[in-house]
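Below: one structure, written as structure tokens.
The values are calculated or read from the model by the stated rules, or taken from the named source; none is laboratory data. Only a predicted model underlies this, so the values are computations on that prediction, with no experimental measurement involved. Here Cβ is always computed from backbone atoms with ideal geometry, including for glycine, and neighbour counts include all displayed protein chains. Calculation scope for accessible area: heavy atoms of the full protein, side chains included, ligands and nucleic acids excluded. Shrake-Rupley method; radii C 1.70, N 1.55, O 1.52, S 1.80 Å.
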Amino acid sequence: MAHGRGSAALSVDAEPPARGARRNEWRAVGMLLPYLWEYKWRVLIALTFLASAKVANVGVPLVLKSVVDALSPEQQVLALPLALLVAYGALRLSTVLFAELRDVVFVRVTQRAIRRVALTVFRHLHSLSLRFHLERQTGGVSRDIERGTRGISTLLSYMLFSIIPVILEFSLVAAVLLTRFDWRFAAITFSAVAIYLFFTVSVTEWRMDIRRRVNELDSKANTRAVDSLLNYETVKYFNNEEYEARRYDDNLQKYETVAVKNEVSLGLLNVGQSCVIAIAVTLLMVLAAQGVVAKTLTLGDLVLINGLLIQLYIPLNFLGVVYREIKQALIDTDRMFRLLEENREIQDSPGAATLAPGKASIGFEHVDFSYDPKRQILFDVSFDVPAGSKVAVVGHSGAGKSTLARLLYRFYDVSRGAVMVNGSDIRALQQGSLRGAIGIVPQDTVLFNDSIYYNIQYGRPEATRAEVIEAARAARIHDFIESLPDKYEARVGERGLKLSGGEKQRVAIARAILKKPSILIFDEATSALDSETEKSIQAELARIARGHTTLVIAHRLSTVMDADQILVMDAGRIIERGSHRELLERNGAYAQMWALQQQEEASQRSPAQLIA
């Protein structure tokens, strides 16, 4: 019975959905029906146990009436009604037994539905474009999925095992009241139930706006906390612990205000429900007592009415909580299902072809591209990387170099022109086969919070341990790993923060080597390495690149001297192209960059030379 008390909230800041969206919250029920249908026999058996439990429950006060009447002086019974007492005990036991059997039979239905929906959402999130993931707030999305899966359990269990039982029990009690007593008993009972339901639904609908706001502030606070903790080092660098605490507390303060309002409204709802029930029970007991005094009803009838009312109003009182929980579950589940409605910006075209294994060529044909329509990144970019050759792209930061790798991976589609692999437009290829043929060592390496072995093996999960170690040796990280207390099982920490930049990059190089791709992309692959390590790894990268189609994105020109062709980019355009020697002889932008970097390296060496 979760009313949201003490919820430590942590979802994205979104406006409450429009009323049209609220009406559609019930669509979640329809989306869950296929999961129930898959286990229809289990559902039917569970419902049979449920009905048996309710029949036994209503039978208890009927048997109790007979026991009381049999023991009353008017009946003049000479012996204890043992058969009735045994029947009473059996019905009590049956009520619990059938309820437990119902839960045992149905638990697999609930858990399978949760598992399959969560897996569907997880797969869909991975199928969405890079644009979605760059704009998302991880804390909020994870909270939405968590609450959504919990909402599925609430919907399935409450709607089947709370709403249906109350309706069934109400029908049975109504039948007993109409057949055994005069119309006033049924009239009071029906009127009370109608008033109770109207009051509960009306107030709960009003409270849902408050609950939505609670959820939004809950998720927003969670997003703020997760974002701050993920950027722990940045917070420390700028001594902004208190600034982050204030921002987090601002969210918690708003959450506190709305949460208090939520609890006050819950209290008003509970008091109103209790008043309706108390008045109805009092009126019915007065009528029953008058009947006993007038001798039109027996003492057993009084016990029967009291027992029926208790059995009816206890679940009816719980129905108020159930309705609130179902409405909340609908909101939570709908919020999760809305993630499934996020459009896949990049999708395989119908009949998309599979990229053939083996060597692959790359071609950019008059490519224009912009992340935002207001700011174009690439302008009429054209170049070819023949199969097995090595092409380097150099230029200042922001020139559009890394965008080429993202387009080749088809994280985005070009605005104009085409990206070709083996002569085919990559938009006509299956994304899975395209990306399976490409290995990348990115500039910013982010690792999973797992072992070094896991992070290297991630390049090819089916690889053997010997292959993982061989890839680590090729990346010049094996000796470092062996020096660690836990060796390959050493944990790298959140986003690999336990490793240095150079160590993380060497893990990324090993991971790319292990993948054995046809196309290799080195995106500033040695930018985090010291000069000595860079030179040793550069030789390995050159060896690894042999026989592969290689695209090297670099800032240090010394790392791309051996490229078959070097492209110089500036402001999204290729302004020069040629070999290292050809570009130096041209004495253009590349030659200027080369001279500048040579001067920088010379100035860094001069202190050592002076000491020598």
query: Got at least one residue in the stretch 386-402 being more than 24 Å from VAL560 (Cβ to Cβ), open to solvent by 20 Å² or more (accessible area, probe 1.4 Å) and among the basic types (Lys, Arg)?
result: no
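Listed here are the residues, each with its yes/no results for (1) open to solvent by less than 30 Å² (accessible area, probe 1.4 Å); (2) at pLDDT below 75.
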| site | (1), (2) |
| --- | --- |
| ILE305 | yes, no |
| VAL321 | yes, yes |
| ARG324 | yes, yes |
| ALA329 | yes, no |
| ARG335 | no, yes |
| THR354 | no, no |
- request: From (1) touching a strand residue (DSSP E or B) at 6+ places or on another chain (Cβ under 9 Å); (2) part of a helix (DSSP H, G or I); (3) open to solvent by 10 Å² or more (accessible area, probe 1.4 Å), pick out the condition that doesn't hold for LYS498.
  value: (2)
- prompt: Given TYR255, TYR243, which one is of a type in the set (Ser, Thr, Tyr), open to solvent by less than 30 Å² (accessible area, probe 1.4 Å) and in a helix (DSSP H, G or I)?
  reply: TYR255
- prompt: Using beta carbons and a limit of 6 Å, which pairs, at least six apart or on different chains, have the first residue in the stretch 383-402 and within 15 Å of ILE521 (Cα to Cα) and the second one among the acidic types (Asp, Glu) and assigned to a strand (DSSP E or B)?
  reply: SER402/ASP523
task: Could you give me the residue pairs with C-beta distances under 7 Å whose first residue belongs to the stretch 250-263 and is of a type in the set (D, E, K, R), whose second residue is open to solvent by less than 80 Å² (accessible area, probe 1.4 Å) wherever it lies, and which are 6+ apart or on separate chains?
output: LYS254/LEU217; LYS261/ILE210
task: Take GLU100 and decide whether it is surrounded by fewer than 14 Cβ atoms within 10 Å (Cβ to Cβ) and modelled with pLDDT under 65.
output: no
task: Given the conditions (1) modelled with pLDDT of 85 or more; (2) in contact with a strand residue (DSSP E or B) (Cβ under 6 Å, 6 or more places away or on another chain); (3) open to solvent by 30 Å² or more (accessible area, probe 1.4 Å), report the number of the one that PRO442 does not fulfil.
output: (1)
message: Taking the condition of being of a type in the set (Ser, Thr, Tyr) and open to solvent by 80 Å² or more (accessible area, probe 1.4 Å), how many residues in the stretch 556-586 meet it?
response: 0
- request: For residues that are of a type in the set (A, V, I, L, M) and over 23 Å from the mean Cα position of the chain (by Cα), scanning just the stretch 209-258, find the one that is nearest to ARG147 (Cα to Cα).
  value: ILE210
message: Restricting to the stretch 277-301, count the residues that are open to solvent by 30 Å² or more (accessible area, probe 1.4 Å) and not in a loop (DSSP other than H, G, I, E, B).
response: 12
query: How many of the residues making up the stretch 525-569 are touching a Phe, Trp or Tyr at 6+ places or on another chain (Cβ under 8 Å) and modelled with pLDDT of 85 or more?
result: 8
- line: Here the residues within the stretch 472-489 that are surrounded by 18 or more Cβ atoms within 10 Å (Cβ to Cβ) and small (Gly, Ala, Ser) are ALA472, ALA474, ALA475
task: Kindly indicate whether ILE314 is within 26 Å of ARG150 (Cα to Cα) and surrounded by 16 or more Cβ atoms within 10 Å (Cβ to Cβ).
output: no
task: Confirm whether ALA510 is among the hydrophobic types (A, V, I, L, M, F, W, C), modelled with pLDDT under 80 and not in a strand (DSSP E or B).
output: no
message: Among (1) crowded, with 18+ Cβ neighbours inside 10 Å; (2) more than 25 Å from ALA554 (Cβ to Cβ); (3) not polar (S, T, N, Q), there is one condition ILE426 misses while meeting the rest; what is its number?
response: (2)
